[in-house]
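Quick one: the structure is below, and I'll ask about it shortly.
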Amino acid sequence: MKPGPSATASEPTRRIALWGWPLIAIRLVALAALLLLCVSAYYLVAPFTARNPVPRHFLRWVGTIAGLRVTVLGTPPITGTFFLANHVSWLDIPALAGATGTAFIAHDGLADFAPLRWLCALNDTVFIARHRRSTVSDQVEQIRKALKETGALTIFPEGTTSAGTQLLPFKSSLLSAIGTEDDSVTAQPVWIDYGRDAAEIAWVGDEPGLDNALRILARRKAVRVTLHLLPPLAGEDRRDRKAMARYAQRAIEEASGKD
């Protein structure tokens, strides 16, 4: 994940108030303790389960410690679901994973930082290189394999984060992983809605990721997000990968009133 272009370098820097730093410190200590506990639990449970449940609970608690409060509305997902979601913040990941147990498709830039790659791998993250067209077929095979192994996988078709006020165009290349007539895979759009807080939460423009994370950890007010699980794509909506991208984007736009 990297910040999107919806903000510019000319925007004023949003500084952290003095009282925010003790709250950041408390949350960082809590996150470190959670990490140690969950890594130990992960390796204890690993020999006894095909799909380790610890990452889902870890990510849910990461969101809770960061102040995230999640409401889920709409069509409950089933096993073998491929979610297509809008992308506003790194908080999208603990919100979705905690609510559904999904793994994610992520840009390979995240893999450059070894500790982060290791953590992502524990949740069966699929790393892809969108800028390398020659590897799309290999990436499609990775995605198909991950869907079978995890039971739920999420892609952010915008390819980057947006300000939450409008959608960026959905990219369709990796949707080839979903067979248009494959009834074993459900393609389900998800609208991630931060409401009035979207502009404050969004990671966009030239803001460094660390600065964005610290700003959120410094908030005293809860971050409220609603996950709208929209009806799965069917019929003409799944005619081909471009149709899936187009109809998924339209479904989210209609649900959010941004069409």
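The values are calculated or read from the model by the stated rules, or taken from the named source; none is laboratory data. Since the structure is predicted, the reported quantities are computational estimates derived from the model, not experimental observations. Cβ sites come from the backbone with ideal geometry, for glycine too, and all protein chains shown count toward neighbours. To get the accessible areas, we keep the full protein, side chains included, count just its heavy atoms, and leave off ligands, DNA and RNA. Shrake-Rupley method; radii C 1.70, N 1.55, O 1.52, S 1.80 Å.
Could you list all residues from region 186-229 that are in a loop (DSSP other than H, G, I, E, B), touching a strand residue (DSSP E or B) at 6+ places or on another chain (Cβ under 9 Å) and either open to solvent by less than 20 Å² (accessible area, probe 1.4 Å) or without any contact (Cβ under 8 Å) to a residue 12 or more places away in the chain (or both)? Give the steps one after another, and end with the answer.
Quick first cut of region 186-229, residues in a loop (DSSP other than H, G, I, E, B) only: 194, 202-203, 205-208, 218-222.
From the residues that got through so far, the ones that are touching a strand residue (DSSP E or B) at 6+ places or on another chain (Cβ under 9 Å) too are 194, 202-203, 205, 222.
Listed by number, the residues that qualify are Tyr194, Ala202, Gly205.
Filter region 188-235 down to the residues that are more than 18 Å from the chain's Cα centre (by Cα) and β-branched (Val, Ile, Thr) and list them by number.
none
Looking at this structure, is Pro77 in contact with a helix residue (DSSP H, G or I) (Cβ under 7 Å, 6 or more places away or on another chain), open to solvent by 40 Å² or more (accessible area, probe 1.4 Å), touching a residue at least 40 places away in the same chain (Cβ under 8 Å) and not in a strand (DSSP E or B)? First the steps, then the outcome.
Details: in contact with a helix residue (DSSP H, G or I) (Cβ under 7 Å, 6 or more places away or on another chain): yes; open to solvent by 40 Å² or more (accessible area, probe 1.4 Å): yes; touching a residue at least 40 places away in the same chain (Cβ under 8 Å): yes; not in a strand (DSSP E or B): yes.
Yes: the conditions hold for Pro77.
I've got another one for you. Thr161 versus (1) modelled with pLDDT under 90; (2) touching a strand residue (DSSP E or B) at 6+ places or on another chain (Cβ under 8 Å); (3) open to solvent by 20 Å² or more (accessible area, probe 1.4 Å): which is the lone unmet condition?
Every listed condition holds for Thr161 apart from (3).
Moving on. If you take the residues of region 111-136 that are in contact with a His (Cβ under 8 Å, 6 or more places away or on another chain) and not in a strand (DSSP E or B), which of them is modelled with the highest pLDDT?
First pass over region 111-136, keeping only residues in contact with a His (Cβ under 8 Å, 6 or more places away or on another chain): 127-130.
The next check asks that each one be not in a strand (DSSP E or B); those that pass are 129-130.
Working: Ala129: 69, Arg130: 59.
Applying the filter and picking the extreme gives Ala129.
Counting only residues that are open to solvent by 40 Å² or more (accessible area, probe 1.4 Å), among the small types (Gly, Ala, Ser) and in contact (Cβ under 8 Å) with a residue 12 or more places away in the chain, how many does region 31-56 have?
Matching residues across region 31-56 total 1.
Turning to a different aspect of this structure: Residues of region 238-249 being of a type outside the set (Lys, Arg) and in contact (Cβ under 8 Å) with a residue 12 or more places away in the chain, which ones?
Step one: filter region 238-249 for residues of a type outside the set (Lys, Arg), giving 240, 243-245, 247-249.
Listed by number, the residues that qualify are Asp240, Met244, Ala245, Tyr247, Ala248, Gln249.
Another question, if that's okay. Contact list please: Cβ distance under 9 Å, first residue in region 137-154 and at negative phi and modelled with pLDDT under 80, second residue open to solvent by 100 Å² or more (accessible area, probe 1.4 Å) and not in a helix (DSSP H, G or I), pairs at least six apart or on different chains.
Listed by first residue and then by second, the contacts come to Gln139/Arg132; Glu149/Ala50.
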